[in-house]
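FYI, it's all coordinate maths here, none of it is from the lab. Note that the coordinates shown come from a computational prediction; the quantities given were computed from them, not determined experimentally. Glycine gets a Cβ as well: all are built from the backbone with ideal geometry, and neighbour counts include every protein chain shown.
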Amino acid sequence: MLVLILSLVALCLIAFIAGWLRNRSLSKKLQRGEISEMPTIQKARPDGCCGKHAVCEKEQLLAAASRPIEYFEDEELDNYRGRMSNSYTPSEVDDFEEVLTTMRPSEVGDWVRSLQMRGVELPDELKDEVMMLIEG
């Protein structure tokens, strides 16, 4: 128990010293004019996010479910309803990719939501690209 307490005290001391050295270094850079102001803490969460992601996502899904399904000139993708995301052939993946490449990046999140509401799973081959566009 004593070892645990001593380890915790040592860790706190190291953190304190590291913070003090950082602030001292930043103060010197500020005095020399290398930086114009002290850095501030940035919010990690986007505006409007409560930090309880499951709650936010649930509310977004409920709000989306109350809206009518929006089509993105992709009615033919309804033929893939009920298919698993890893079961598409390369030509079927091309059908999804064709729709994806014709839309603006701001529409991608709504398109994925539309596919989910229609019971159409996005092919595994496109998931990384879609996530990059949504996060973009």
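Assign one of three labels to segment 82-129, namely rounded, prolate or oblate, based on the Cα gyration tensor with a ≥ b ≥ c the square roots of its eigenvalues; rounded applies when a/c is under 1.5, prolate when it is not and a/b is larger than b/c, and oblate otherwise.
oblate
Calculate, for Arg32 and Cys12, the FRET efficiency according to 1/(1 + (r/R0)^6) with r their C-beta to C-beta distance and R0 25 Å; round to the nearest 0.05.
So the FRET efficiency works out to roughly 0.20.
Report the gain in length on full extension from Glu125 to Glu98: 0.36 nm times residue separation, minus Cα-Cα distance, nm rounded to one decimal.
8.4 nm
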